[in-house]
Amino acid sequence: MIRNAIQRFMYGRYGNDQLNLFLIVLYFVLYMVLLFLDWAPLYWISLAIFACFVFRLLSRNIPRRREENSRFLRLANPVLRWFRFQRTVHRDKEHRYFKCPNCGQQLRVPRGKGRITVTCRGCGATFQEKS
Ligand SMILES: [Zn+2]
């Protein structure tokens, strides 16, 4: 009954996406901060973020909201990729990760082999590396 009413209300409206998820998480983080830090500007910022969230959720301008979300994802992807890479490095105890001093290509060598000569697969430069 209530679910039906919500469905009818949401019909033709944009709903949720990654940007909205980000906004609502940000809002809750600020909400938590505000429990400890009573600073008026932050309160208004958090309210504006929440208003943005509701506005996007109920918006009927779907192409515009899609465009915003894809812009957000373009910005967020390098950050997400960086976090994923840090997790890989942290979990992979078999290899040591480093960047090629010549071209900056990400490389890895097996750990515990002493001093080894590495050939970069990006630019072909060779150099000594501790593993
Ligand atoms: Zn290189």
Inset, instruction - Check the stretch 26-41 and report whether any residue there is within 21 Å of Asn77 (Cβ to Cβ), modelled with pLDDT of 95 or more and touching a helix residue (DSSP H, G or I) at 6+ places or on another chain (Cβ under 8 Å). - result: yes
Legend entry - Qualifying residues in the stretch 72-131 (those that are open to solvent by 80 Å² or more (accessible area, probe 1.4 Å) and within 12 Å of the ligand (Cβ to nearest atom)) - the one nearest to Arg56 (Cα to Cα): Lys99
Legend entry - Positions within the stretch 95-121 being within 16 Å of Phe85 (Cβ to Cβ) and assigned to a loop (DSSP other than H, G, I, E, B), in sequence order: Cys100, Gly104, Gln105
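This table checks each residue for (1) of a type outside the set (Ser, Thr, Tyr); (2) open to solvent by less than 50 Å² (accessible area, probe 1.4 Å); (3) assigned by TED's automatic domain parsing to the domain that holds Leu80; (4) touching a Pro at 6+ places or on another chain (Cβ under 6 Å).
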| residue | (1), (2), (3), (4) |
| --- | --- |
| Arg3 | yes, no, no, no |
| Leu26 | yes, no, yes, no |
| Val29 | yes, no, yes, no |
| Leu34 | yes, yes, yes, no |
| Pro41 | yes, no, yes, no |
| Trp44 | yes, no, yes, no |
| Phe53 | yes, yes, yes, no |
| Leu57 | yes, yes, yes, no |
| Pro63 | yes, no, yes, no |
Legend entry - Evaluation of Arg60 against (1) part of a helix (DSSP H, G or I); (2) within 27 Å of Phe9 (Cβ to Cβ); (3) more than 21 Å from the chain's Cα centre (by Cα) (one fails), failing number: (1)
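The values are calculated or read from the model by the stated rules, or taken from the named source; none is laboratory data. As the structure is a prediction and not an experimental result, all values here were calculated from the model. So basically every Cβ, Gly included, is an ideal-geometry build from the backbone, and we count neighbours across all protein chains shown. Only protein heavy atoms, including side chains, enter the accessible area calculation; ligands, DNA and RNA are left aside. Shrake-Rupley method; radii C 1.70, N 1.55, O 1.52, S 1.80 Å.
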